[in-house]
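Take a look at the structure set out below.
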Amino acid sequence: MASRLLLLMAVLLLCISLVSSEAQNQIENQQETQVVVKGPNRRLLPFLDCEGLCKVRCGKHSRPNVCKRACGTCCARCKCVPPGTAGNREMCGTCYTDMTTHGNRPKCP
């Protein structure tokens, strides 16, 4: 009876040590892959291919070069480009919808 209890305790200790070492390895791997942005926000910023996203967004625009320039500015500031070739501006939030030109017209396509 005592040998069974001793064997059970040994197996239990082995399982606990394996779980704790795996958790420690996951924490170390997470710290290596995260990029911290210094500044007041201190959050992880997603990488966006603004040029490619704006090329799709402005694909059917009557003035594609003007559209791509404005879209690039909005993408860099707001870190978002709405899907599709028109509309859906609300999906990027107030940063995208509230940005205006000097003439008080919406800047972002």
If we ask which residues in the stretch 84-109 are surrounded by 11 or more Cβ atoms within 10 Å (Cβ to Cβ), of a type in the set (Val, Ile, Thr) and not in a strand (DSSP E or B), their number turns out to be 2
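Condition check ((1) at pLDDT below 70; (2) not aromatic (Phe, Trp, Tyr)) across all residues:
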residue: Leu7; (1), (2): no, yes
residue: Ala10; (1), (2): no, yes
residue: Ile27; (1), (2): yes, yes
residue: Arg43; (1), (2): yes, yes
residue: Phe47; (1), (2): no, no
residue: Leu53; (1), (2): no, yes
residue: Arg69; (1), (2): no, yes
residue: Tyr96; (1), (2): no, no
residue: Gly103; (1), (2): no, yes
Residues in the stretch 90-100: is at least one under 20 Å from the mean Cα position of the chain (by Cα) and charged (D, E, K, R)? yes
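For the stretch 58-83, which residues satisfy the criterion of being part of a helix (DSSP H, G or I), under 18 Å from the mean Cα position of the chain (by Cα) and not hydrophobic (A, V, I, L, M, F, W, C)? Can you show your working first?
We begin by selecting, within the stretch 58-83, every residue part of a helix (DSSP H, G or I); these are 64-78.
Applying the additional criterion that residues be under 18 Å from the mean Cα position of the chain (by Cα) yields 72, 74-78.
Of everything in the stretch 58-83, those that are part of a helix (DSSP H, G or I), under 18 Å from the mean Cα position of the chain (by Cα) and not hydrophobic (A, V, I, L, M, F, W, C) turn out to be Gly72, Arg77.
The values are calculated or read from the model by the stated rules, or taken from the named source; none is laboratory data. Just so it is clear, the structure is predicted and the values come from calculations on it, not from any experiment. Quick reminder, even Gly has a Cβ in these numbers, built from the backbone with ideal geometry, and neighbours come from all protein chains shown.
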